[in-house]
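Shown next, in C-alpha cells, is the structure this report addresses.
No lab work stands behind these numbers, since they all come straight from the coordinates. Just so you know, these numbers come straight off a predicted model, no measurement behind them. Counting neighbours? That spans all protein chains shown, and the Cβs are built from the backbone with ideal geometry, glycine included.
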Ligand SMILES: OCN(O)CCCc1ccccc1
Ligand code: NI
C-alpha cells in the first residue's frame, strides 16, 4: 500500500517535469500502481486507517507525486451528510491521459486556499482556477470518457492536471497580493 514515505516532496525534479502519456493495455505493474493510488485516497479518508498508517487526508493524488512520471491521477471526493456520514461518491475515478477540451473564463478559488501532499508547509492565498472544465480521459481499461466538472470537483481535478505538467498550486497565487480578488473570481 502507498503511505506518506512514498510521496515525494517539492524540490524533487519529477514534480517539476512533464509526465509521459500512458500506453494501453497497461502493464500489470502500472495497473497495480494506479489502483494503489486510488486506494491511498480511500485509506487517507478513513479515520482508523489514516491514524494507523499516519496518512495525510487527500482527495487527489497524481502519479508524479509517487515518482511515476506518467499521465495518471486518482480522485476520490465523497459526499457527507450533516452528521459527517459518507453519502456516496461525488467523483471517484482513476484518470489516464487527460486532455482539457475547454474551460470557462469565469474563475473560482477556495476561500481556505489549497494544500498539497507534496508541499509540507502552508502557502496562503487564493488559487484562481476556471470554474468549469471539460476534458477527455481514458479509464483503467483504456476506454475514452468525457467529463464536465465545476466548482470543487473542477478545482481538485485541475490541481491534479497541474501535477502532470510540473505545476504546483502556489504557482497560481498572486505574488503581490495573495488574496487579490476581481469580479471574475468567485470564492468558494
Ligand atoms: O495532488 C494532490 N494533493 O497534493 C492532495 C491535495 C489535493 C487538493 C487540495 C486542495 C485543493 C485541491 C486539491
Ligand atoms: Ni498536490
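If you take the beta carbon distance between residue 186 and residue 81 as r and set R0 to 30 Å, what does 1/(1 + (r/R0)^6) give as a FRET efficiency, to the nearest 0.05?
0.75
Viscosity 0.890 mPa s, temperature 25 °C: give me the Stokes-Einstein translational D for the stretch 5-65 in µm²/s, with Rh taken as the Kirkwood radius over C-alpha pairs.
The diffusion coefficient I find is 188 µm²/s.
Over 5 Å intervals from 0, what percent of Cα-Cα pairs in the stretch 77-185 sits in each interval?
Computed distribution, short to long bins: 2, 11, 18, 21, 20, 15, 9, 3, 1, 0.
Starting from the 7 Å offset along Cα-to-Cβ, what nm value, one decimal, do you get for the label separation of residue 28 and residue 174?
5.4 nm
For the stretch 35-119, what does the alpha-carbon gyration tensor say about shape, rounded, prolate or oblate, given a ≥ b ≥ c as the root eigenvalues, a/c under 1.5 as rounded, and a/b over b/c as prolate?
Oblate, because a/c is 1.5 or more while a/b does not exceed b/c.
If I take the Cα coordinates of the chain and project them onto the principal axes, what are the three extents in Å, biggest first?
Principal-axis extents of the chain (Cα, largest first): 48, 37, 36 Å.
Rounded to the nearest 5, what % of the DSSP beta bridges within the chain are antiparallel ones?
Numbers: 27 of 31 bridges.
So the antiparallel bridges amount to about 85 percent of the total.
Once you put a point 7 Å from the Cα of residue 101 and another 7 Å from the Cα of residue 124, both along the Cβ direction, what distance in nm separates them?
About 4.1 nm, to one decimal.
Between residue 50 and residue 67, what length in nm is gained on full extension when 0.36 nm per residue of separation is reduced by their alpha carbon distance?
Additional length available on full extension: 4.0 nm.
For a quick check, take a GNM of the chain with Cα springs below 10 Å and name the residue from 168, 24, 40 with the largest mean-square fluctuation.
Result: 24 has the largest fluctuation of those listed.
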